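Q: Once you've had a glance at the structure underneath, I'll fire off some questions.
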Amino acid sequence: MSFKKYSEIMKKLFYLNNFDERKYFYKIFLKKKDLKKLHKLNHKIGLHSHSHPISMEGISHKNQLREFKLNQEKLSEILGINKDKINSMSHPYGRYNKDTLKILTKLGIDIGFKEHNYIDNNMKKINNSDLEI
């Protein structure tokens, strides 16, 4: 599904349910101060991508690298830590491909989480690697 189509569906749902997303926008997303507080409390902060594409496996290797690299750099800057200290992640929408896994390994990510717990056509088991838990 394209981002445009996703946005259209979401806007329609908001309209049908009389939901004003602008009212809640700043309440539902983490702010820099929230990330700093969580980090200070020893919570693990990991990558999730910079712009949160709907279909990570549908974008090029170059753009996937850009998404994760920029996310890692921004988190490093916000938390005041070296980017090699950010070594975990969660797959946006649980969607990824072999390029994604190669990129994450290159960036020093040790563990990755996906949202689905079923075996799809490309998987031999539920957790194929430490980047697919």
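The values are calculated or read from the model by the stated rules, or taken from the named source; none is laboratory data. For clarity, every value in this text was computed on a predicted model and none was experimentally measured. So basically every Cβ, Gly included, is an ideal-geometry build from the backbone, and we count neighbours across all protein chains shown. What goes into the accessible areas is simple: the full protein's heavy atoms, side chains included, and nothing from ligands, DNA or RNA. Shrake-Rupley method; radii C 1.70, N 1.55, O 1.52, S 1.80 Å.
Q: Toward the positive end of the charge dipole of region 9-72, about the Cα centre and with charges on Cβ (Lys, Arg +1; Asp, Glu -1), which of Leu38, Leu16, Gly58 goes farthest?
A: So the residue we want is Leu38.
Q: Given N residues in the chain, what is Rg(Cα) / (2.2 N^0.38 Å)? Don't skip to the end; give the middle numbers.
A: Values: Rg = 16.3 Å, N = 133, 2.2 N^0.38 = 14.1 Å.
That works out to 1.16 for the chain.
Q: To continue, here is another question. Hey, what number do you get for the chain at 222 nm if only DSSP H runs of n ≥ 4 count, each worth -39500 (n - 2.57), divided across all residues, to the nearest 500? Working shown, then result.
A: Details: 5 runs with 59 residues, N = 133.
-13500 deg cm²/dmol, from helical runs alone.
Q: If you roll a 1.4 Å probe over region 33-94 with all protein chains in place, what percent of the accessible area is carbon or sulfur? All intermediate terms of the calculation are to be shown ahead of the outcome.
A: On the way: 1800 of 3610 Å².
So the carbon and sulfur contribution to the accessible surface is 50 percent.
Q: Quick one: compute the contact order of the chain, relative version, from alpha carbon pairs under 8 angstrom and 6+ residues apart, as a percent. Display every interim value, and only then the final one.
A: Details: 141 pairs, mean separation 27.7, N = 133.
Relative contact order here is 21 percent.
Q: Could you report region 24-133's accessible area per residue, 1.4 Å probe, as an integer in Å²? Mind dumping the intermediate values first?
A: On the way: 7390 Å² over 110 residues.
Result: 67 Å² of accessible area for each residue.
Q: Run the dipole for region 1-57 about the Cα centre, Lys and Arg Cβ at +1, Asp and Glu Cβ at -1, nothing else charged, and hand back the magnitude in debye, nearest 20.
A: Details: 14 positive and 5 negative charges, 82 e Å.
Using only the charged Cβ atoms, the result is roughly 400 debye.
Q: I've got another one for you. How large is the charge dipole for region 2-106, taken about the Cα centre, if only the Cβ atoms of Lys, Arg (+1) and Asp, Glu (-1) carry charge, to the nearest 20 debye?
A: Working: 24 positive and 10 negative charges, 51 e Å.
Roughly 240 debye for region 2-106.
Q: Let me ask something else. Please sort 7-14, 91-98 by packing, taking for each peptide the average over its residues of neighbouring beta carbons within 10 angstrom, highest first. Don't jump to the answer; show the numbers that get you there.
A: Details: 7-14: 11.2, 91-98: 17.4.
Going from most to least packed, we get 91-98, 7-14.
Q: Another question, if that's okay. Give me the net charge for the shell around Lys4: Cβ to Cβ below 14 angstrom, other residues only, Lys and Arg +1, Asp and Glu -1. Display every interim value, and only then the final one.
A: Numbers: positive: Lys5, Lys11, Lys12; negative: Glu8.
Summing Lys and Arg as +1 and Asp and Glu as -1 gives +2.
Q: Quick query: amide H of Leu47 versus all other amide H atoms, modeled in the peptide plane; which residues come in under 5 Å with a sequence gap of 5 or more or a different chain?
A: The answer is Ser88, Met89, Ser90.
Q: Can I ask one more? Towards the positive end of the charge dipole of the chain, with charges on Cβ (+1 Lys, Arg; -1 Asp, Glu), say which of Ile111, Ile86, Asn128 has the farthest Cα.
A: So the residue we want is Ile86.
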